[in-house]
Amino acid sequence: MFRALVENSPDVVVRYDPQGRRLYANAAWRRLGGAARDESLGHTVLDQPLMAEPEAYHRALLRAAAGTPAELRVEVDSPTVGHRVFDVRVLPEHGDDGRPASVLVIGRDIRERKRAEQALKQREREFRTLAEHLPEPIIRYALAHPDDRPRIEAAIAESARTLKPFHIEARICRPDGTER
């Protein structure tokens, strides 16, 4: 049952021996590498590099084989699915004697999250450019003192109705609770 779960996981799951040779790779890894089930077993990441920095990944494997887990970001150029970015956890698996017997690697594809972060940064730059070039300041309504909000709402409604600008002075409440 556990094998079925791992085989059908969208995350990459790979097991290595203490020398960094691949013992197991799930279907997600095989799709990424374009390899048949047993084709990549027994090889190291240095033998069949898919990632931008296989040496750093290999060092993380060897550290985990010595008992020290690691987390890293890995960029992969896959012949089958193209460029991917993974957040990877490299974990020692302990044997019955308590010593590391193998290394488990779990990688999550964060490509969509990276795209969303880049799109958000672009939108923030666009908004900042717009806000910096407006002739009038932008005020966050949420910071307005609650007692002043009805007056502000009335001024906004009148401005919208008449299509004329408005000017109003109001107090603000800072995040620390002080008024200004």
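The values are calculated or read from the model by the stated rules, or taken from the named source; none is laboratory data. Quick caveat: nothing in here was measured; it's all calculated off a predicted structure. Every residue, glycine as well, gets a Cβ built from its backbone with ideal geometry; the counts of neighbours run over all protein chains shown.
What pairs can you find where one residue is in the range 134-153 and closer than 17 Å to Arg180 by Cα and of a type outside the set (S, T, N, Q), the other is exposed (fewer than 10 other Cβ atoms within 10 Å of the Cβ) and at pLDDT 85 or above, and their Cβ atoms are less than 8 Å apart, with a gap of 6+ or different chains?
Listed pairs, sorted by first residue: none to list.
Condition first: loosely packed, with under 14 Cβ neighbours inside 10 Å and part of a strand (DSSP E or B). Now tell me which residues in the range 8-23 satisfy that.
If the condition is that a residue be loosely packed, with under 14 Cβ neighbours inside 10 Å and part of a strand (DSSP E or B), then Leu23 is the only one that fits.
When you scan the range 86-118, how many residues do you find that are of a type outside the set (Phe, Trp, Tyr) and within 16 Å of Val14 (Cα to Cα)?
18
Yes or no: Gly82 at positive phi and free of Cβ contacts under 8 Å to residues at least 24 places away in the same chain?
Yes: the conditions hold for Gly82.
Just need a number here: residues in the range 92-107 that are closer than 23 Å to Ala28 by Cα and either of a type in the set (Ser, Thr, Tyr) or exposed (fewer than 15 other Cβ atoms within 10 Å of the Cβ) (or both).
Here the count works out to 2.
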